[in-house]
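Please read the structure below before turning to the comments.
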Amino acid sequence: MEVLHRALLTWFNLLIFFILLVLRLDQRIEWNWFIVFIPMWLYDHIFLAYIVFNMISHCKNSHLLKLPREIRYMTAVFLKLSAQILICLKLEAPHWFLPAKVVLAPFCILLLALAVDVFIHLIKHYRY
């Protein structure tokens, strides 16, 4: 998939998600929060399929050195999915009394891991 197509798909999914989010927060629709998050989950599943396809092609061509990067991407997507599920559960079932620490823990772990990954990438590729 070309960069332009990925960017357009990302922006389109975000647009649909934000439209549904605003409609739900403005109480124009009374849909379940899991339905509001469907565009984000579709995007995550497309990204997971793309990662799996790349992993299979790398294994087929015996380029096993690039697999740790793909595994990091897959872990990031699973952390994002778990954060979205916990947010939907917190919003949909307030009687469960999920603390904010528990709901946002996967998201905080994801942000910390991404910051470390960017820092390591900058250190590796920094030229004097």
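The values are calculated or read from the model by the stated rules, or taken from the named source; none is laboratory data. The structure presented is a predicted model; accordingly, all values stated were derived computationally and were not measured. Note that each Cβ is placed from the backbone with ideal geometry, even for glycine, and that neighbours are counted across all protein chains shown. In case anyone asks, the SASA skips ligands and DNA or RNA and just uses the protein heavy atoms, side chains included. Shrake-Rupley method; radii C 1.70, N 1.55, O 1.52, S 1.80 Å.
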Largest first and rounded to whole Å, the semi-axes √(5λ) derived from the alpha carbon gyration tensor of segment 1-83 read 32, 14, 8
Given a 1.4 Å probe, the accessible area of segment 1-119 per residue, as a whole number of Å², is 71
Helix 67-92: inclination vs the chain longest Cα principal axis, degrees, rounded to 10, gives 10
Evaluate the charge dipole of the chain about its Cα centre and quote only its size in Debye, nearest 20, assuming +1 on the Cβ of each Lys and Arg and -1 on the Cβ of each Asp and Glu. 440
At the level of C-alpha centres, the distance separating segment 1-28 and segment 32-104, in angstrom, is 17
Express in nm, to one decimal, how much length is gained between F97 and K60 on full extension, taking 0.36 nm for each residue of separation and deducting their alpha carbon distance. 8.6 nm
Testing the spin-label approximation: label points 7 Å from Cα along Cα→Cβ at L42 and I120. State their distance in nm. 3.4
Add -39500 (n - 2.57) for each DSSP H run of 4 or more in the chain, then divide by its residues: what number comes out at 222 nm, to the nearest 500 deg cm²/dmol? -27500 deg cm²/dmol
Give me a comma-separated list of calculated 3J(HN,Hα) values for segment 25-31, in order, Karplus coefficients 6.51, -1.76, 1.60 applied at θ = phi - 60°, integers in Hz, x for any Gly or Pro. 5, 7, 6, 7, 10, 10, 6
Solvent exposure, largest accessible area first (probe 1.4 Å, DNA, RNA and ligands not counted), of R127, R28: R127, R28
If you roll a 1.4 Å probe over segment 15-124 with all protein chains in place, what percent of the accessible area is carbon or sulfur? 76
Per the Kirkwood definition applied to all pairs of different Cα atoms, how many angstroms is the hydrodynamic radius of segment 42-111? 13.6
If you take the charge dipole of the chain about its Cα centre, with +1 on Lys and Arg Cβ and -1 on Asp and Glu Cβ, which of H5, L21, C59 is farthest toward its positive end? C59
